[in-house]
Amino acid sequence: MKAIWPINVTLAAVMVAGATLASEDGDRERGEQVFRQCASCHEVGEGAKNRVGPHLNGVFGRTAGTIEGVKYSKNMIRMGNDGLIWTDRTLDAYLENPRALVSKTRMSFRGIKDAQERRDVLAYLRVYSDDPSNIPEAEPTARGTDHDLDPAILALKGDPEYGEYLASECQTCHQSSGANDGIPGVSGWPEEDFVVAMHAYKRKLRPHPVMQMMAGRLSDEEIAALAAYFKDLE
Amino acid sequence: MKLNRRIFLGTGAAAAASLSAPTVFAAGSGKPRVVVVGGGAGGATAARYIAKDSKGEIDVMLIEPSREYYTCFFSNLYLGGLKEMDDLGHSYGGLAAGGVNVVHDWAIGVDRDAKTVALASGGSVPYDKLILSPGIDFVDGAVEGWDLSAQNAMPHAYKGGSQTELLKAQLMAMPEGGTFAMVAPPNPYRCPPGPYERVSMVAHYLKANNPTAKIIVADPKSKFSKQALFQEGWADIYGGMIDWIGQDFGGGNVSVDPVAMTLTIDGEANSVDVCNVIPAMKAGHIAELAGVTEGNWAPVNAADMSSKVDADVYVLGDSANQGDMPKSGFSANSQAKVCANAVRGALTGSRVFPAKFSNTCWSLIDTNNGVKVGATYEATDEKIAKVDGFISATGETAELRKTTYEESEGWYAGITADMFGA
């Protein structure tokens, strides 16, 4: 079991030279308030048990979908098997828009749009994971990079005709009907979720090697074109 | 056989009436015509996409002798007992419903001057653009002692369907402690990991049903696709059952005797119970008849898959010599979409987008133990060139291998829907 720190251990934001980690410049006390909306499904702290969602002790550094006895979505298990590890940056992305990181996650939560609130709640959860100052090489201290997409990328208007052509490459595996026989459907995805997800693969935030490769060679315009096509595909 | 163009008198009704056999294709629609030869991963995909995307502006005919298509991909899983033959069969009804004129016949010649394709049943069909996707045929004399007349005694099972069923029947009839032999092909050939997935699936079957049996693989290559992954699995799961004899140990110096059922490797005769001979391959014969091959394969331009010898002929999939892509169903499907977009643009002026190609090959080592390799490609002036790639690692967790296998099932459902229409 990982060290459990009392929540009031220190409230000072820890600054790291250069960039800061979301969980380090957050306010743990405010984070505890933010966490109330999570608490109906998730427990954290001493004696925390799984409820609808997994307990969150030691969540930093944990492979997604691996707590015994929790009923995860197929996609969460897949993402875990593909190597999704909960870190500062992946948790931040997941909390911002859960479905954009893990499609069809069972966590029915709209997300926390406010970046400061996410920093706060991550700072609070961090208390119940290994402390970064103890294990500098371990995953929890891995430097996060801001996953927020340049608003100019999100504002790009995609060319759906080009998207249709590009989509033909996706449809070798992702059935246009949206059926999931082992590879999830992507038809009818909200445009913004699609763009965020593809950029997450491109930046290797999402773990799948085929998707990292496929997204890796798509330009911002091409991702926008695909999103514009897939959003209207029934 | 080289067809004499003089036997084709044209496409008008009067000309058709003067032939002893009627032309199949009614002339006179005035629409541009695309004829696709071969209804596999390349041809079916190209026909479907051109018909679907041109919305009736192009007449698309697909010439394919089989009424039911059995995929070669996943046929090893049938050998291993993990799939039924019915799981691998697909009808052409979806393509017909999607506007493709599906003609079950053999294309037996191409007259590139007259731009017609001759059919085995008689007559010929005209084209504006011809897409050849005939898969593979075998190089004559590639394995000493073996020719097509021996394919019942020693099946290749490298085209889907009856040959696969034959090999399975022979595997099931092997005596206790018997020997299953494979003669692996030299590069380049269809589905680089295919022979080794087959060895894995045969071992999977034998381990459960005939555990003292042996497998010998005579291979003219010194290394093969996903070798570390396969050999790790063979050692861990089928320890000692599989003897792979590569080029360095005489694996390329083989002959067979289909009557005596022997496989001679580097001068040493082995008595075998099943002998799966996968000979060296070449482009499907119709590509050679069309005069678009150089050596064993048909060279193509990477940007649109057009033949380097005739701008109105395109060659897809296994038959094409295109550069870096492996010969696979996934590659053929990927190339078909680039080609369909280019052909449509040439015939109707629709927008033509830059070529993008990709491939992923999944292989199964044991139940729920899948691995994969893949890459993306781009068109250069010279060839289809690899951009980026990945491969599964040795020592992966059982969970990841299971996810990879499930993903391959998703891919199978996806590509067959993409080829034949859902």
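The values are calculated or read from the model by the stated rules, or taken from the named source; none is laboratory data. Computed from a predicted model, the values in this text were never measured in an experiment. Glycine gets a Cβ as well: all are built from the backbone with ideal geometry, and neighbour counts include every protein chain shown.
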**Message:** Any residue at all in region B:411-421 that's under 24 Å from B:ILE58 (Cα atoms), modelled with pLDDT of 95 or more, more than 9 Å from every other protein chain (Cβ to nearest Cβ) and out of contact with any helix residue (DSSP H, G or I) (no Cβ under 7 Å at 6 or more places or on another chain)?
**Reply:** yes
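Please pick out the residue among A:SER177, A:SER168 that is within 12 Å of another protein chain (Cβ to nearest Cβ), of a type outside the set (Phe, Trp, Tyr), part of a helix (DSSP H, G or I) and without any contact (Cβ under 8 Å) to a residue 24 or more places away in the chain.
On the way: A:SER177 fails: part of a helix (DSSP H, G or I).
Criteria check complete, one pass: A:SER168.
Output yes when any residue across region A:195-203 is within 14 Å of chain B (Cβ to nearest Cβ) and more than 16 Å from A:ARG99 (Cβ to Cβ), and no when none is.
Taking region A:195-203 as the starting set, the residues that turn out to be within 14 Å of chain B (Cβ to nearest Cβ) are A:201-202.
Keeping just the survivors that are more than 16 Å from A:ARG99 (Cβ to Cβ) gives A:202.
The answer is yes; a qualifying residue exists.
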**Fill in**
Given (1) more than 19 Å from B:GLY80 (Cβ to Cβ); (2) more than 9 Å from chain A (Cβ to nearest Cβ), B:CYS361 misses just (1)
**Item:** Odd one out for A:VAL16, checked against (1) at pLDDT below 90; (2) under 19 Å from A:TYR128 (Cβ atoms)
**Value:** (2)
**Request:** Name, by its number, the condition in (1) facing chain A (nearest Cβ under 9 Å); (2) closer than 23 Å to A:PRO184 by Cβ; (3) within 21 Å of the chain's Cα centre (by Cα) that does not hold for B:ALA340.
**Result:** (2)
**Item:** Hits in region B:245-260 (condition: over 19 Å from B:MET154 (Cβ atoms) and out of contact with any Lys or Arg (no Cβ under 7 Å at 6 or more places or on another chain))
**Value:** B:ASP248, B:PHE249, B:GLY250
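Among B:ALA332, B:ALA346, which is more than 7 Å from every other protein chain (Cβ to nearest Cβ), surrounded by fewer than 20 Cβ atoms within 10 Å (Cβ to Cβ), in contact (Cβ under 8 Å) with a residue 60 or more places away in the chain and not hydroxyl-bearing (Ser, Thr, Tyr)?
Sole residue among the options that is more than 7 Å from every other protein chain (Cβ to nearest Cβ), surrounded by fewer than 20 Cβ atoms within 10 Å (Cβ to Cβ), in contact (Cβ under 8 Å) with a residue 60 or more places away in the chain and not hydroxyl-bearing (Ser, Thr, Tyr): B:ALA346.
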**Message:** With the condition being under 18 Å from B:ASP418 (Cα atoms), I'd like the helices (runs of 4 or more DSSP H) fully within region B:66-146 carrying at least 3 qualifying residues.
**Reply:** B:93-97
**Request:** Within region B:106-121, count every residue that is crowded, with 20+ Cβ neighbours inside 10 Å and not hydrophobic (A, V, I, L, M, F, W, C).
**Result:** 4
**Complete:** Restricted to region A:180-194 and to residues being small (Gly, Ala, Ser) and buried (at least 19 other Cβ atoms within 10 Å of the Cβ), the residue farthest from the other protein chains (Cβ to nearest Cβ) is A:SER187
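Can you confirm whether B:ALA302 is without any contact (Cβ under 8 Å) to a residue 40 or more places away in the chain and out of contact with any helix residue (DSSP H, G or I) (no Cβ under 7 Å at 6 or more places or on another chain)? Outline the logic, then answer.
Values: without any contact (Cβ under 8 Å) to a residue 40 or more places away in the chain: no; out of contact with any helix residue (DSSP H, G or I) (no Cβ under 7 Å at 6 or more places or on another chain): yes.
Considered against the rule, which asks whether it is without any contact (Cβ under 8 Å) to a residue 40 or more places away in the chain and out of contact with any helix residue (DSSP H, G or I) (no Cβ under 7 Å at 6 or more places or on another chain), B:ALA302 comes out as no.
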**Prompt:** Tally time: how many residues in region A:204-234 are under 18 Å from A:TYR162 (Cβ atoms), within 12 Å of chain B (Cβ to nearest Cβ) and assigned to a loop (DSSP other than H, G, I, E, B)?
**Reply:** 3
**Item:** Search result, residues across region B:388-407 that are more than 7 Å from chain A (Cβ to nearest Cβ), polar (S, T, N, Q) and surrounded by 19 or more Cβ atoms within 10 Å (Cβ to Cβ)
**Value:** B:SER392, B:THR404
